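The values are calculated or read from the model by the stated rules, or taken from the named source; none is laboratory data. Not measured: the values here are computed from a predicted model. Here Cβ is always computed from backbone atoms with ideal geometry, including for glycine, and neighbour counts include all displayed protein chains. Just the protein is used for accessible areas: all its heavy atoms, side chains included, with ligands, DNA and RNA removed. Shrake-Rupley method; radii C 1.70, N 1.55, O 1.52, S 1.80 Å.
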Amino acid sequence: CHASMDPIGFALENFDAIGQWRMREGEALIDASGLLPGGRAFTGVGGLEEELLKRPELFVRTLCEKLLTFGLGRGMEPSDAPAIRRIVREAGAEDYRFSRIILRIVGSGPFMMRRTAAE
């Protein structure tokens, strides 16, 4: 978990707990560099953004999985994979517009067929 998540957090190290920019923590200079899975290096938020934009489908897939997990109130299951792939593919054809991603999620089979806690 830390191996995949820590590098993303490193990009945000220059921001303190309330979002103010800082260059140092105490006496130490902040190192906002990291390595993404696959070995791609970046420095800071701009570098992370640049690397993510090289493979937008990976970011969009994760975004869809997290939003659908929230919307369904459960984790992803193997049966959800085709819907996620379809959403990402269709979002790519629509330049990955956030509004279109949301519409695709709420129109997906898993979301439309979800059960409520009372059922």
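Picking from Gly47, Gly34, which residue would you name as being outside any helix (DSSP H, G or I) and touching a residue at least 24 places away in the same chain (Cβ under 8 Å)? Give the derivation first.
Numbers: Gly47 fails: outside any helix (DSSP H, G or I).
Sole residue among the options that is outside any helix (DSSP H, G or I) and touching a residue at least 24 places away in the same chain (Cβ under 8 Å): Gly34.
Every residue in region 37-53 that is open to solvent by 70 Å² or more (accessible area, probe 1.4 Å) and closer than 24 Å to Ile105 by Cβ, please. Steps first, please.
Residues of region 37-53 open to solvent by 70 Å² or more (accessible area, probe 1.4 Å): 37-38, 40, 43, 49-50, 53.
The answer is Glu49, Leu53.
Can you report the number of residues in region 72-119 which are open to solvent by 50 Å² or more (accessible area, probe 1.4 Å), of a type outside the set (Val, Ile, Thr) and not in a loop (DSSP other than H, G, I, E, B)?
Initially, region 72-119 is screened for residues open to solvent by 50 Å² or more (accessible area, probe 1.4 Å), giving 73-74, 76-79, 82, 85-86, 89-90, 93, 95-100, 102-104, 106-107, 112-119.
Next, from what is left, pick out any that are of a type outside the set (Val, Ile, Thr): 73-74, 76-79, 82, 85-86, 89-90, 93, 95-100, 103-104, 107, 112-115, 117-119.
So of that shortlist, the ones also not in a loop (DSSP other than H, G, I, E, B) come out as 78-79, 82, 85-86, 89-90, 93, 98-100, 103-104, 112.
Total satisfying the criteria: 14.
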* Among Gly109, Gly92, Gly44, which is the only one that is at pLDDT 90 or above and touching a strand residue (DSSP E or B) at 6+ places or on another chain (Cβ under 9 Å)? -> Gly44
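Is it fair to say Arg22 is open to solvent by less than 70 Å² (accessible area, probe 1.4 Å), basic (Lys, Arg) and at negative phi? Break it down into steps so the answer makes sense when it comes.
Details: open to solvent by less than 70 Å² (accessible area, probe 1.4 Å): yes; basic (Lys, Arg): yes; at negative phi: yes.
Yes; evaluated as a whole, the condition is true for this residue.
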